[in-house]
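Participant: This is the structure I have questions about; it appears just below.
Just so it is clear, none of the values below were taken in a lab; they were calculated from the coordinates. For clarity, every value in this text was computed on a predicted model and none was experimentally measured. Here the Cβ positions follow ideal geometry from the backbone for every residue, glycine too, while neighbour counts run over all protein chains shown.
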Protein chains: 2
Amino acid sequence: MPHLRKDPLSDRWVIYAEGREQRPNEFERVERRRADAQCPFCVGNEENTPPAIAVYRAVAGTSASNGDDWTVRVVPNKYPALLASGCADPTQSGIYVLCDAVGAHEVIVETPRHVASLTQLTPQEARLLMRVYSDRIRALQTQPGVQYALVFKNVGPEAGASLEHSHSQIVGTPMVPSEVQRELVACRRLYRQHKQCFFCYVIQDELDHRLRLAAESDRFAAICPYASRTPFELWVLPRQHQSHFERQSPDQLEELADFLQHTIGLLESQHTQFAYNYFLHTAPFDTAPLRHYHWHIEIFPRLTTTAGFEWGAGCFINPVPPEQAAAVLRSNGTHPT
Amino acid sequence: MPHLRKDPLSDRWVIYAEGREQRPNEFERVERRRADAQCPFCVGNEENTPPAIAVYRAVAGTSASNGDDWTVRVVPNKYPALLASGCADPTQSGIYVLCDAVGAHEVIVETPRHVASLTQLTPQEARLLMRVYSDRIRALQTQPGVQYALVFKNVGPEAGASLEHSHSQIVGTPMVPSEVQRELVACRRLYRQHKQCFFCYVIQDELDHRLRLAAESDRFAAICPYASRTPFELWVLPRQHQSHFERQSPDQLEELADFLQHTIGLLESQHTQFAYNYFLHTAPFDTAPLRHYHWHIEIFPRLTTTAGFEWGAGCFINPVPPEQAAAVLRSNGTHPT
């Protein structure tokens, strides 16, 4: 039975998704799936995924079927890390704490065509994708036991993508994930200290001095954070304060799609076969608009490998300062190749 | 100039080791070095490393030279992440905190022969290596500005090893690394709650019930931790309470070498081309023996890839529960193939 366990020292949760594999060799199976020529996400292969949760057409709106007349499809993950049933309350077992793996694990197939990166979507597909993120967060808010929805995307084998066809995932979890919780606590503390949202301060500082600004549009900024963990780490943020991703207007969502494609394009023009993750950090479901928290998408390039020092110390070694990375990306943006 | 920056949200430090590369493509250079047939760590190539800090011979004790009559060699890292000079006090820059990259970065070449894993060392080499770990921790305790010494080892390209020849590294840092600090704080809290060292409790529990015990010797135990982040994660711990690695007796260090080789051998007999990191968590320099902290070596297998969910949530997905991993390793140990 899938379940979550809490590490007593770090308070990190670990999901035990035994259903993902009967044998202790899940890693080998992933390799085999990657090599499979028959892509379950390509148009015409809809029967190779579980029945769709939602189907989006570029013009006519949404429906729910396994037909092939779709632009974006949302399906349950075939190997879900979390399940719809169970009890979301943690229980004690001696000194240990565990919890049923209650939640959701959905896959968003971003296009019927076999392409690999967000930048290969048509602008129409990318805009639809941002709307789907927003819709699915709202949908998971109504599911019992789900406290948070984490949207993320893996591109390239180095980034842990087990299928090449461009897709995102959304995991509904029975608690706010520790990385988000840590940000929320720090942002509340910084707000009390400085009477300002931390991210609003960073955005204004970077727009004023342009030290780590990689790109900007009317409503968005792309910034290499001051303490970037990896070369070319990037945050995409709305310039106006906003805590909840899903409260964006349709106009803003469209601009976000264009800006995110542009920003990842800058990274790809600098690095061939660029592998990356991105993930959305947004305020938890059950909150009114928060003055101290600011949603953002973190783009996490996989140009380097984490080694023993990073895992043992919790400290990254980064050979490229964010000022240098931002300057390279800015020059790409202004002088397109 | 290399320096450290603190992330305002996570309090994680990041080392900016610009000296490691002039261009923003350190990652490509690492690939090239890996492909280089001329191994700088093989006997006879001593001039390809900086002059040795210490040279150990199996019989005649230590000396310091670049000759070829050695068993274990300690040399400065050619691309150091931290340097001997600078000011170890953090300074404020607006809302940000930074610090000179004061410290040390040493490489321990474990054998004159070109082998790749700890298990390929002779028992004599492995025993000498444990003594070197202990000696180098003591040596770094006397270096101004160094607060901690993290010993680690990377084996295999998936684990971030840039050179194949079996080697360890030791990084002296100007602060206690956040992963260690977090353990210290949690262990102090758990000690107050339970009037017992957390690790002592775990060792006794696993020796009693053998749910997650992978191997044991007179003085050591190898345990798959309750909330293992990755398949086959393992902790190697002394059965008797001890907070500081470097306070072990010569006898105990020898038994540790044998036991660590045995334990990694169990993992390698289960997985071909097994890539792993290990790192030593021990009490900080400036403390008397601690009742609440227990040194241990964490073996971190690299069988799976971290993806967007792990980085975005701070939560791992593990398809192999530690009970299953330990049972597999135990059966390997009792029925050698």
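Participant: Out of residues 5 or more away from residue A:96 or on other chains, whose amide H comes under 5 Å of its own, with H placed 1.01 Å from N in the peptide plane?
Facilitator: For residue A:96, whose amide H was placed from the backbone, there are no distant partners under 5 Å.
Participant: Is the range B:162-213 rounded, prolate or oblate when judged by the Cα gyration tensor, a ≥ b ≥ c being the square roots of its eigenvalues, rounded requiring a/c under 1.5 and prolate requiring a/b larger than b/c?
Facilitator: Oblate shape, in that a/c is at least 1.5 and b/c is the bigger or equal ratio.
Participant: Ok, one more. When each copy gets a label point 7 Å from Cα toward the beta-carbon at residue A:58, what are the spacings between them in nm, shortest first?
Facilitator: The projected label point of residue A:58 is separated from its counterparts by 7.1 nm.
Participant: Taking each pair of different alpha-carbon atoms in the range A:71-131 once, compute 1/r for the pair, average those values, and report the inverse of that mean as the Kirkwood hydrodynamic radius in Å to one decimal.
Facilitator: 14.3
Participant: With just the Cα atoms defining each centre, how far is the range B:273-305 from the range A:289-336? Give it in Å.
Facilitator: 27
Participant: Suppose we look only past 15 Å in the calculated P(r) of the range B:173-272. What percent of the Cα-Cα pairs does that tail hold?
Facilitator: 68
Participant: Considering the alpha-carbon set of the protein assembly as shown alone, what are its Rg and its Dmax in angstrom?
Facilitator: Spelled out, the Cα radius of gyration and Dmax of the protein assembly as shown are 25.1, 82 Å.
Participant: Hey, another quick one. Rounded to the nearest Å, what's the spacing between the alpha carbon centres of the range A:117-150 and the range B:136-214? Just the number, please.
Facilitator: So the separation of the two Cα centres works out to 40 Å.
Participant: With a point put 7 Å past each Cα toward its Cβ, work out how far residue B:96 is from residue B:1 in nm, to one decimal.
Facilitator: Output for this residue pair reads 1.5 nm.
Participant: Something else: Out of the DSSP beta bridges found with both residues in the protein assembly as shown, what percent are antiparallel (nearest 5)?
Facilitator: Restricted to the protein assembly as shown, the bridges split so that about 95 percent are antiparallel.
Participant: Next question, about the same structure. Taking the label point as lying 7 angstrom from Cα along the Cα-to-Cβ axis, what are the distances from residue A:178 to the corresponding position in the remaining copies, in ascending order and in nanometres?
Facilitator: 1.2
Participant: Find how much the distance from residue A:141 to residue A:195 grows on full extension, using 0.36 nm per residue of separation minus their present alpha carbon separation; answer in nm with one decimal.
Facilitator: Roughly 16.4 nm would be gained on extension.
Participant: Per-residue mean of other chain beta-carbon atoms within 10 angstrom of the beta-carbon, peptide B:223-230?
Facilitator: 5
Participant: Where the Cα atoms of the range A:194-334 are projected onto their three principal axes, how long is each span, largest first, in whole Å?
Facilitator: 41, 38, 28
Participant: Next up: Select from B:314, B:265, B:172 the residue whose mean-square fluctuation is largest in a Gaussian network model of chain B (Cα-Cα springs shorter than 10 Å).
Facilitator: Its mean-square fluctuation being the largest, the pick is B:314.
Participant: If you take the beta carbon distance between residue A:57 and residue A:211 as r and set R0 to 60 Å, what does 1/(1 + (r/R0)^6) give as a FRET efficiency, to the nearest 0.05?
Facilitator: Calculated value: 0.85.
Participant: Considering only chain A, pick the residue with its Cβ nearest the axis of the rotation onto chain B, and state the distance in whole Å.
Facilitator: That would be A:306, 4, residue then distance in Å.
Participant: Got the relative contact order for chain A handy, in percent, Cα pairs under 8 Å and 6 or more residues apart?
Facilitator: 16
Participant: A further question follows. For the range A:103-235, rounded, prolate or oblate, judged on the Cα gyration tensor with a ≥ b ≥ c (square roots of eigenvalues), a/c < 1.5 rounded, else prolate if a/b > b/c?
Facilitator: Oblate, since a/c reaches 1.5 and b/c is not below a/b.
Participant: While we're looking at this one, here's another question. Could you give, in nm with one decimal, how far residue A:42 is from each other copy of that position, shortest first, with labels 7 Å out from Cα toward Cβ?
Facilitator: Nearest first, the other copies' label points are 4.5 nm away.
Participant: Would you mind listing how long the range B:257-337 runs along its three principal axes, going by Cα atoms, in whole Å with the largest first?
Facilitator: Cα spread of the range B:257-337 along its principal axes, largest to smallest: 44, 38, 22 Å.
Participant: Students often forget the sequence filter, so: which aspartates and glutamates lie under 15 Å Cα-Cα from residue A:78 once same-chain residues fewer than 8 apart are removed?
Facilitator: A:18, A:21, A:26, A:46, A:47, A:106
Participant: With the cut-off at 38 Å, report for chain B the share of all Cα pairs above it, as a whole percent.
Facilitator: Percentage above 38 Å: 14.
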